[in-house]
Structures are given as C-alpha cells and as structure tokens.
Amino acid sequence: MVAALEGIRIVEFANYVAGPYAGMLLADLGAEVTKVEQPPHGDPFRSWETGNYSSTFYSVNRNKRSIMLDLRSPHGLDVARNLVSRADVLIENSRVGAMDRLGLGYEQVSQKNPRLVYCSITGYGPTGPYVDRPGYDTLGQAMSGLLSLVTDVDDPQPIGISLSDHLGGVFGCYGILAGLAARERTGRGQRVDTSLLQASVAFTAENMTRYLETGQVPARATRVRSAQVFAFRDQAGAPFVIHLSSPEKFWLGLLKAVGRTELSDDPRFATRAARQKNREALVEILNASFETGTRDEWLTRLRAEDVPAGPLNTMDEVAADPQVQHLGMIQEVTHPQQGTMRVVGSGIKLGSTPTVIGPAPVLNEHCAEILEGLGYSADFLTGEPVG
C-alpha cells in the first residue's frame, strides 16, 4: 500500500531533537527525508552515547537518507541549494539568521521554489526580545511554565525527558502538514514557524486558560486536586496511580476496593469538592490501606470495581506490557551495517496508508545516491569516489 506522504521530498537541516523529530514523523508517513549533516561527525546526537550511531540518534532519525555537506564550501552549498530547489519541505532548527547567512533562508530559496513549505523551529521565535538567545529544551520547559506544572517550584527538579524539544517537533510537523494541505488549494508553499517556547506554551493551554480566567496561578498540585488523581505505593514500594476524574461511581468503587465504604458518609469526603479540600487526610487514609498489600492485588481489586488505575511503569515495564506489545509499539528494524535494533513504533495507525518504520542512516550513507539523483558525479564533493 502507498504511504500517506509518498512522493513528498523533504530536506532536513537539523540536529539534536526538535527538527529531526518533525522530520522523522513525516518520514514515518512515507515522505522521503534527506538529512543534511555537517562534517566531520554529522548530527552531534550521533555520538551522544558511544560511537557514531547512538540510540538517541536513531530514536529521532529513522527512515531518512544522510548526506554530509560542508555548507561553507561552494560545492557543498551548491548541492544543498539543488536539494532545496526540488524539495516540497525544508526543516531547519538553526539559530535565527544562520540559514539566511548561507543563502538558504526562506525569502532566498522560495524565489526559486515557490511551492516550498519552509519550517523553522527555534528556541523563542524568529523575532522578539529573545531572538538572539540560545534555546534548549529545559529553557523551553521552564520559560513556558510547563516545568512549573510537573515539578515542585519550592524544590525544583529538571525532568527526565526532552519534552519541549519533542513538542517543537510535533508542532513543526503539524504546521508542515497544514502547509502542504494549503498548497493543494493555492499552489504555493509558505513559511511555518514554531519554537520551543511557543509549542510549550500552547501545550499548557488548560492551565494557562485557567489562570487567565481566575487569576490564580496553577502549580503541579492544582490539576492533581481538581482531577482527583493519586499516586500510591504498595507494601514493597511499587508505585501505581488512580484517576477518579468526575464520575461519582469511581469514588464509590475505590471505597469498595479498599473496604472503606463508610467514608462515603464522612463529611470530609462526601462530595467531590470536599475531597479536593481534604485531599491530604484522604491520602493518609488510603496510604494506610495500600501499604498492606501488593500492587497487583490492589490493581485487581480496583479494576474489579471499574476504577481507572494502573501501574506507574518504568521503561523496562513498558516494553514488557501486554497492551504496549499488542499495539506494536516496540519494533525491530535492521540496518545492513549496524544490525538489528529495537525502536519505538509510530504513535498513530492509518487504515489505508500505513506508517513505515525503518532504520536510521549511518553518516553520509546515501551520498552517492543523492548526488547522482541530482545529476552530479559521485565524487563531486571530494574529487574521490564516495562510499
């Protein structure tokens, strides 16, 4: 079956996470993504752990082609411009102004390729008071308010995922797909801008809108209280979560599961509002119960009462989870040089145009193929045979 973006050509001038993640999402949909990497080592994520083909690299670069181009050299820049002139999409996540200085800015390349959808992912946006600042994931999390919702601001701790980087990639992909759809009507491409700050602020819309309405600043505990969500440990310390939300049946089911049905008449907990107000007292009571059994026992009892509950899984537990395996989220791919590796599958399933999951490229793997496809000789860049 033909993939959804079959025939769409993308050129990626991007390193680390945000730009490559956007490119990978589109490659999963069948787009041909050519990753342009700088000599001598390519994307710095390649060597984030060991060697030049790290798991951090291939986690956001599968299904792509790689060519190494020195954009400071006339030959390298000529090849880059030729790639862009034939592309449907360009993705870049350089600091503001870097692409313009190379002659690869939107105003420059769109003159030759007016159908190009040009996506720029920056730290803070293409203009404004922060335009010259370096932008990294943790700054996007912190300055957007996102980090304040997942850590205790009185004892702040960074979190263990590059959330703003990935959000920048998701919103970049979203904008690119909109640009391609609009091009079908207008015949012209357009510039798409997002940033770690913009994407992360957009992601916090629920909490930001609550602040704009009430004037009260949300913190990590705000939604925890309002949505009646809890995290507990069993007698061995194994963590699990419960999400009661609004339906009263979940609260009553919880009481049945722990054998404390009399608490439904306790004025501290008789209503949802009362439970929110007296959360600490309720947590103390429930902790005492949950510390007397195992996580599996409690989850079995909670599910028997239809209470939304589940284990707080670590990555090894996620990989072994039956439902995760049923969804095909852990897949094996094989690279002819790097061998077989396990990767995370796509977050969507398309009934008629399935996603594609393949390996990431080694550095410069497709140089000869790309050069010859553009009409160059295989040794155009170096004067010596490539590959």
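Just so it is clear, none of the values below were taken in a lab; they were calculated from the coordinates. Keep in mind that this is a model prediction, so the values were computed, not measured. For neighbour counting, all protein chains shown are included, and Cβ atoms are generated from backbone atoms with ideal geometry for every residue, glycine included.
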Quiz item: Of the labelled options [x] 23.0; [y] 24.5; [z] 23.8, which one gives Kirkwood radius over Cα pairs in Å as computed for this structure?
Solution: [z]
Self-check item: Nearest 10 degrees, 0 to 90: helix 163-186 Cα axis against the chain principal axis
Solution: 60
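Go ahead and run the numbers for FRET between M315 and L252, Cβ-Cβ distance against an R0 of 45 Å, rounding to 0.05.
0.85
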Practice problem: Quick one: check the C-alpha center-to-center distance for the stretch 17-58 versus the stretch 303-376, whole angstrom. | Solution: 14
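Could you list C367, C119 in order of exposure, starting from the residue whose Cβ has the fewest other Cβ atoms within 10 Å?
Numbers: C367 22, C119 30.
By the 10 Å Cβ count, ascending: C367, C119.
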Quiz item: By count of other Cβ within 10 Å, fewest leading, how are K112, K64 ordered?
Solution: K112, K64
Quiz prompt | Per-residue ³J(HN,Hα) for the stretch 358-373, Karplus 6.51 cos²θ - 1.76 cosθ + 1.60, θ = phi - 60°, Hz, x for Gly and Pro | solution = x, x, 7, x, 6, 4, 6, 4, 10, 4, 4, 4, 5, 4, 5, x
Quiz item: In the chain, with Lys and Arg counted as +1 and Asp and Glu as -1 at Cβ, which of these residues, N63, S377, M99, has the Cα nearest the positive end of the dipole, that is, farthest along it?
Solution: M99
Exercise. Provide the descending list of Cα extents for the stretch 163-294 along its principal axes, expressed in whole angstroms.
Key: 67, 36, 24
Exercise. Tell me what the chain gives for mean residue ellipticity at 222 nm when only DSSP H runs of n ≥ 4 count, each as -39,500 (n - 2.57), the sum divided by the residue total, rounded to 500 deg cm²/dmol.
Key: -10500 deg cm²/dmol
Quiz prompt | Exposure proxy order (Cβ contacts within 10 Å, fewest to most) of W251, W48, W298 | solution = W48, W251, W298
Quiz item: On full extension of the chain, what length is gained from A221 through E184, given 0.36 nm per residue of separation minus the C-alpha to C-alpha distance?
Solution: 8.8 nm
Self-check item: Degrees between helix 279-290 axis and first principal axis of the chain (Cα, 0 to 90, nearest 10)
Solution: 80
Self-check item: Mean Cα-pair separation over length for the stretch 269-387, i.e. relative contact order, pairs under 8 Å, 6 or more apart, %
Solution: 10
Self-check item: lysines whose Cα lies under 23 Å from that of K112, excluding same-chain neighbours fewer than 8 positions away
Solution: K35
Quiz item: Roughly what % antiparallel, to the nearest 5, for the DSSP beta bridges in the chain?
Solution: 40
Practice problem: Under a 10 Å cutoff between Cα atoms, tell me which one of V217, V333, V17 has the largest fluctuation in the Gaussian network model of the chain. | Solution: V217
Quiz item: Residues of the stretch 285-316 with amide nitrogen under 12 Å from the 7 Å Cα-to-Cβ point of A236?
Solution: 293-297
Self-check item: the stretch 216-314: C-alpha gyration tensor shape, a/c 1.5 cut-off, then a/b vs b/c
Solution: oblate
Exercise. Please label the shape of the stretch 1-86 as rounded, prolate or oblate, based on the square roots a ≥ b ≥ c of the eigenvalues of the alpha-carbon gyration tensor (a/c under 1.5 means rounded; beyond that, a/b larger than b/c means prolate, else oblate).
Key: oblate
Quiz item: To the nearest 0.05, how large is the calculated FRET efficiency for R268 and V153 if R₀ is 41 Å and r is the Cβ-Cβ distance?
Solution: 0.90
